[in-house]
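**Student:** Before anything else, here's the structure in question.
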């Protein structure tokens, strides 16, 4: 216990796999969302060409 709260749980690989069964991975979940239209894709990829601050090397 850590500060009176449970901090970790140890599971067998079999039990962990059973808990994860049928759940999508993060990648599957992100790729399964709505498709971006061209306008949104362009807006996300727009980059400012000027530096945001002075950098001294």
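Nothing in this text is a laboratory measurement; each read-out follows from the coordinates by a stated rule. What you are looking at is a predicted structure, and each value in this text was computed from that prediction instead of being measured. Please note: Cβ atoms are built from the backbone with ideal geometry, for glycine as well, and neighbour counts cover all protein chains shown.
**Student:** Condition (residue is touching a helix residue (DSSP H, G or I) at 6+ places or on another chain (Cβ under 9 Å) and surrounded by 10 or more Cβ atoms within 10 Å (Cβ to Cβ)) applied to the range 32-39: is it met by at least one residue?
**Tutor:** Within the range 32-39, the first condition is being touching a helix residue (DSSP H, G or I) at 6+ places or on another chain (Cβ under 9 Å), and the residues that meet it are 36.
Those left that are additionally surrounded by 10 or more Cβ atoms within 10 Å (Cβ to Cβ): 36.
Yes, the range 32-39 has at least one match.
**Student:** I'm trying to understand the selection: among the residues of the range 12-24, which are part of a loop (DSSP other than H, G, I, E, B) and either in contact with a strand residue (DSSP E or B) (Cβ under 6 Å, 6 or more places away or on another chain) or loosely packed, with under 10 Cβ neighbours inside 10 Å (or both)?
**Tutor:** Start the filter on the range 12-24 by keeping residues that are part of a loop (DSSP other than H, G, I, E, B), which leaves 12, 21-24.
The answer is 12, 21, 22, 23.
**Student:** Name every residue in the range 1-11 that is in a loop (DSSP other than H, G, I, E, B) and out of contact with any helix residue (DSSP H, G or I) (no Cβ under 8 Å at 6 or more places or on another chain), in order of residue number. Break it down into steps so the answer makes sense when it comes.
**Tutor:** Initial filter on the range 1-11 (in a loop (DSSP other than H, G, I, E, B)): 1, 3-4, 6-11.
Listed by number, the residues that qualify are 1, 3, 4, 6, 7, 8, 9, 10.
**Student:** Checking residue 54 against (1) assigned to a helix (DSSP H, G or I); (2) exposed (fewer than 10 other Cβ atoms within 10 Å of the Cβ): exactly one of these is not met. Which one?
**Tutor:** So residue 54 meets the others, but not (1).
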